[in-house]
Structure formats: structure tokens, C-alpha cells
Amino acid sequence: MSFFAADIRPILRHFLAERRRALLLGAMLSAATVTAGIALLGLSGWFITATSLAGLSAAAAMTFDVFAPAAGIRLLAIVRTAARYGERLATHDATLGVIAALRERLFRGFAEPRAARALLHRPARLLFRLTADIDALDSLYLRILVPAAVAIGAALAASVLLGLMHPLFGLCFGLFLAGAGLGLPLIAGRAARRHAGRRAHGIEALRSRTIDLIAGQTDLLMAGRLEAQRGAIAAADSYAVRADDRLNRIETGLTFSFGIVSTLLLTGSLLAVAALAETKTITAPVAALGLLVAFTAVEPFAALRRGALELGRTMLAAKRIAPRLAVADVTEPLATPLPGYAFSLAGVAAFHENSAVPVLQGIDLVLKQGDRLAVIGGSGAGKSSLLALLSHELPARTGYVAAMTATLLTQRTELFEDSLRGNLVLANPDATEADLREALAAAGLLADVEAMPRGLDTPLGEGGLGLSGGQSRRLALARLFLRDTPLWLLDEPTEGLDGATARDVLFRLSTMARGRSLVIATHIRREAAIADRIAIIEGGRISEVSCRGEAAFERALGRLRPD
């Protein structure tokens, strides 16, 4: 129960914060629907029985009032129909609104720098959280909370009504209905939780492995791993199927158990009202009313059957999503460096998430405004981590960090399935047509874009499909030019480009960077050659810093890969 409360509390807070009134209205309409249904069937049974008995004698038939009960039946039928229609509208509209807001909030959370870097390695997880896990949470309100509240209300109403016939009858009926009606779904939900979790994990693995097969089929074929990947997909599918089978068995058992409980309750109620009628405690019409009330009071508990099976899936989704909805620590902006400096680092140590080994330690480094710094070192030395620190994507555990607002150009060219214009305005939504064309011209891509039939509105495929490698990198460069920040952080900006394209990109980059500060993480000589200073990083520590014109600077350039 503590596990349930801890994981579900942030979800419930979000639900109530988004659509409190609509959710309460939906619950009230659902209760009104069930209450009207119980009253309708009970009054109908009483009316039919009373009418038949009144017809046995002329005197009773003349005095029997058929209009008031008939009007009550019509009124209850109208209330039940209107309440059911309103309940469907209110509950589903509220749930869909809450789910949409939850999906947006979760997406914004995953778009934060630290979360984005972590999810970069497992994009299928983000897809699953935004789709299957969010969809699972609609069961929390529609199939668990509202049906449970309505079922308890129906049991109380029926218990009170039957208690007016005989207190012991109402008490025993209410206790047995509430105990069995809530106990069976809880037992089934507990039994189904593990299998629902397995089914969710199986489907997530199935999706992830299928995406890997489609996206990497060429690499898998070259490595001779295509059949192995297909086998992994089949294994994930079998795992999910076995979990589905177990859930179906639990559902069958729960349905059978509800049938037994319903039979016992109706049998007991029939015997009870018959005994009360025989002793003249109640009349025959009241006995019919009591029996039909007992019959309809069982129905709301049957609606919990679906919710019991969904409980495990819902709890797993809540466990995964709740941490993203908890109140997070406010990320403080980086301190502003002293006038004339682009950044200042003193005694900085930083760690990647869930790592006990520092990726940066003892970093002491400053850069004057307008200077250009190349950071060199072997793979894993900490070059990219230093850029992440300066761009505020990697927090410092200890030390002092002050830096100007920065823009980071990563090694990978991140382009989306959108138009050229759409990919550009990500950097500056307020950019005009002239701004976009100017940035493209500065990146050397304007002529290529103008040659395309649809120009800036040319659609790109996934990952920028439709552009060459050089064109993709130039588009990323144009996006950088649209960001008016005083500090640019470049992570191997010409990696993978041919020599001529790389030199042209560097020339344009150097031209546009005038007046700005540059930090370039590189292992290529041509990229480091445009810098004023070179810092060597080894094992997460700065081992040497040299300036242009010094022998150490030339030695550092000599360590790098030729153009």
C-alpha cells in the first residue's frame, strides 16, 4: 500500500490540478447513473407486483394510484439516460484532457538537457513512456477510481434500503457485498500485477528490438546478426504472449468468482425477503423491490473486473512516470563570468548520472571574450563532457562554474522529418525569411536550397534524409548561425566531411564567429588550427594549456590527426 501511495500520489495531484471539476462531475454523474438504475429497477418491480396484487380485487384496483409510480419510473428512466450520457462525455473528456496535459508535461521533462542525454541511448524508452505508459494511466480514473467509488456507494445505498426492511438483512448484505465485491478485484489485481508488468516489459522489448531491426538492418546483415535479431524479437513476443495468457486466466477466474458471489447474494436475498414476507414484516411488492435492488447492487462491482486486471499495468506506468512529475529541484542558471571573460572554471568536478567515477575533476580553466580554445585529447578523455558542462547540460558536483550563454553544436547532425524551414526555425522561432536565407548563405547552402523545387519548404525524411552529409552539416551550421549567443561550443564540427567541404565549413564558421568566443573539441588538426589556445585533457583533467606562437602549441597540433 505504501508503494501504491508513493507512486500514485503525483499522478493524482496532476489529475486534480488539471481537471478537478470535470473529474468530480464525471464521478457524480456515474454515481447518479447507478443510483437511478437501482431505483428504477426496484420501483419497477414494486410497481408490477403491487399492480398485479391490486388487480385481484375491484376495491383495491379502484383505489390503487398508478400515476405516481409510473411518473417516478419515467423520471428515473430519463435521469438514468441523461446521467449516463453526461457521464460518458464528462469522464472521457476529462480523462483525455488530463492525459494530453500529462503527455505534454512528460515530453517537456524528457526534453530537458540531462534527461535528453540519458534517453539518447534508449529512444524506445521515451516512445514507450509517451504512448503505452501514458495510455495505461487512463484506467486509473475510468476503470479503477470511479467504478470503485460508485460500487461502494451502491453497496451503501442498497444496504440502507434493505436495512429499512430489516436491519440485520441490510447489514449482512452490505458487508458481504462490499467484502467480496472489493476483495475479489484486489486479490485478482495483486495476482495480475506481476504478469501485467511482464507483459509491459515484453511489449517494450518487442517494440525496441523491432525498431532496431528496421533502423539497423544493413548493419545487422553485414555483421551476420540479422537472424539473431529476429530471434530476439520472437522471444520478446513469446514472453508477452505468456503474460497475456496468465492475465486471461486470472480474468476468467475473476469472472467465475463474481458469478458465484452474485448467485450467493441473490439466493440469500431471495430467502431473506421470502422469510420477511412470510412473517408479514414486508409486503410482497416490497419484497420484489428488495430482491431487485439486491440484484442491481451487484452490477457495479462487476465493472471493477477490468480495472483489477489493469491495476498492475497502471501501477507500473505510475512507477515509471511519477518521478518525472515530482517537484524537481530548480536548476539554477550558470553564474555570469567577470567582464571580459567568456567562462571561468575553478576546481570543477562533474559526474555522469548514476556514475561514481568523475568524468571531469580538478578543472581550472578560463577563456577571455572573443578568444578561441581547442580542447584535444583521446576518446573518453572528457572533451564532450567539458562542452556539456559549459552548456549547462552536465552539472558540476563541486567547484565554481561561470559562463556566458552558449550554443552547442554536437558531433551528430540532429535533423527531423520536417521541412528545411522547420528544421531551421528550431534555433530561432522568430527568424524572418531574410534571416533564414542569410544563415543559409553564410553556411554555403543557399544555392543548393534555391535549386530545390520547393526551396525552404522542401520536406526532409527522418534524420534529414534527402540531404547529403555535407548538406546536413551545413544546415546544422546555419542553425547555429541563427542562435545569437556570445559563446559557441563545437564538438568535432567537420568530422566525416571531405577535406574541401570541411575547410569551407571551417572558413565560414570562423568568419561568422568574429566577436564571439569559440570552444572546439577536436582530434583533427584543421579544426584546432583556428584556435588561439589549445588545452589538452587527459583522464578528465586539464594537463596543459598553450597559446599560439608557443612551442607547446605546435607540439599539441602535431599530436592531432592530419587534415
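Quick look at the values:
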read-out: Between 0 and 90°, nearest 10: helix 433-443 axis offset from the chain longest Cα axis; value: 50 degrees
read-out: With Cα atoms, 0 to 90° folded angle of helix 499-512 axis to the chain main axis; value: 80 degrees
read-out: Sorted peptide list for 272-283, 167-178, criterion being average Cβ within 10 angstrom, highest first; value: 167-178, 272-283
read-out: Estimated [θ] at 222 nm from DSSP helical runs (n ≥ 4, -39500 (n - 2.57)) normalised by residues in the chain, nearest 500; value: -21500 deg cm²/dmol
read-out: Gap separating the Cα centres of the range 395-414 and the range 457-486, nearest whole Å; value: 21 Å
read-out: Principal-axis tilt of helix 284-302 within the chain, Cα atoms, nearest 10 degrees; value: 20 degrees
read-out: Residue 256-residue 454 pseudo-label distance in nm [points 7 Å out on the Cα-to-Cβ vector]; value: 5.9 nm
read-out: Prolate/oblate/rounded label for the chain (Cα gyration tensor, a/c 1.5); value: prolate
read-out: Relative packing of peptides 149-157, 290-298, 16-24 - highest average C-beta neighbours within 10 Å first; value: 290-298, 149-157, 16-24
read-out: At R0 = 51 Å, FRET efficiency that the Cβ-Cβ distance of residue 357 and residue 88 yields, to 0.05; value: 0.40
read-out: Förster-model FRET efficiency, 30 Å R0, residue 176 and residue 78, C-beta, rounded to 0.05; value: 0.40
read-out: Antiparallel DSSP beta bridges within the chain, as percent of all bridges there, nearest 5; value: 50 percent
read-out: Theoretical gain in end-to-end length, residue 418 to residue 66 [0.36 nm per residue, Cα-Cα removed]; value: 119.8 nm
read-out: Among 356-364, 545-553, the order from most to least packed when residues are scored by Cβ within 10 Å on average; value: 356-364, 545-553
read-out: Interchain or long-range residues, amide H under 5 Å from residue 359's placed H; value: 350, 351, 352
read-out: Two-site FRET efficiency, residue 235 against residue 279, from Cβ-Cβ distance with R₀ of 45 Å, rounded to 0.05; value: 0.10
read-out: Nitroxide proxy distance, nm - points 7 Å out along Cα→Cβ at residue 228 and residue 21; value: 6.0 nm
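The numbers here are math on the coordinates, done by the rules we state, and not lab data. Source: prediction; values computed, not measured. Neighbour counts are summed over all protein chains in view; Cβ atoms, including those assigned to glycine, are modelled from backbone coordinates with ideal geometry.
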